[in-house]
Amino acid sequence: MPLTTPTLQTARLRLRPLTDADASPLYAMHSDAHVLRYWDAPPWQDRSRAQAFLSRSREMAEEGSGVRLGLELASDGSFLGWIGLTRWDPAHHKASLGYVLAETAWGHGYATEAGRAVLQWAFDTLDLNRVQAETDTRNLASAHVLEKLGFRHEGTLREDCVVAGDLSDSFVFGLLRREWQAA
């Protein structure tokens, strides 16, 4: 069942379906080793990776497994990054949250603002009961964003990924509908 990719508006941001025009800023962000220093895949070295990412984003929506949204400043349309829900499982009412922001967008609260909008949409529209997120244990900024969104640390996956050639642990966070509603 296809999943309609929404357009969401917050006080400062517009979250919208990714387009082919996003290929260059996506490549710039995903080819930056500093931005991806905690990511479980190496920085992109080929511009075709951006088009593959965009194609995969469209496929996810068409097959109904998730959505990815581009984040831009509402004031001027500047591309800040992307946020998405993947592994949407309507039978079990759950999905996973992920995001990447360009370094220039760090420290402004954009990830938290975008996360709130996506979570509200997800709980209201997709009838989710649970959203899960994982982050490298060294990525304390991302863990802090998840905590501000109401996620609870549920455990640690030991040596779960290889990041930049090193074995890395991942924190697992979960957020339940009743916790979201109570907040």
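Read the figures in this text as sums done on the coordinates, not as results from a lab. Quick caveat, the model's predicted, so the values are computed rather than measured. Quick reminder, even Gly has a Cβ in these numbers, built from the backbone with ideal geometry, and neighbours come from all protein chains shown.
Here are a few things to note about the model shown:
- Modelled this way, with points 7 Å down the Cα-to-C-beta line, the labels at Asp166 and Arg87 are 2.4 nm from one another.
- Here the 3J(HN,Hα) profile of the stretch 2-16, calculated from phi with Karplus coefficients 6.51, -1.76 and 1.60 at θ = phi - 60°, is x, 10, 6, 7, x, 10, 10, 10, 10, 4, 10, 10, 10, 10, 8 Hz, Gly and Pro shown as x.
- Mean Cα-pair separation over length for the chain, i.e. relative contact order, pairs under 8 Å, 6 or more apart, %: 20 percent
- For the stretch 20-60, the relative contact order comes to 43 percent (Cα pairs under 8 Å, sequence separation of at least 6).
- Anisotropy class of the stretch 65-183 from Cα gyration tensor, a/c 1.5 cut: oblate
- Cα gyration tensor shape of the stretch 8-129, rounded if a/c is under 1.5, else prolate or oblate by comparing a/b with b/c: oblate
- Around the Cα centre of the chain, unit charges on the Cβ atoms of Lys, Arg, Asp and Glu (plus for the first two, minus for the last two) sum to a dipole of about 380 debye.
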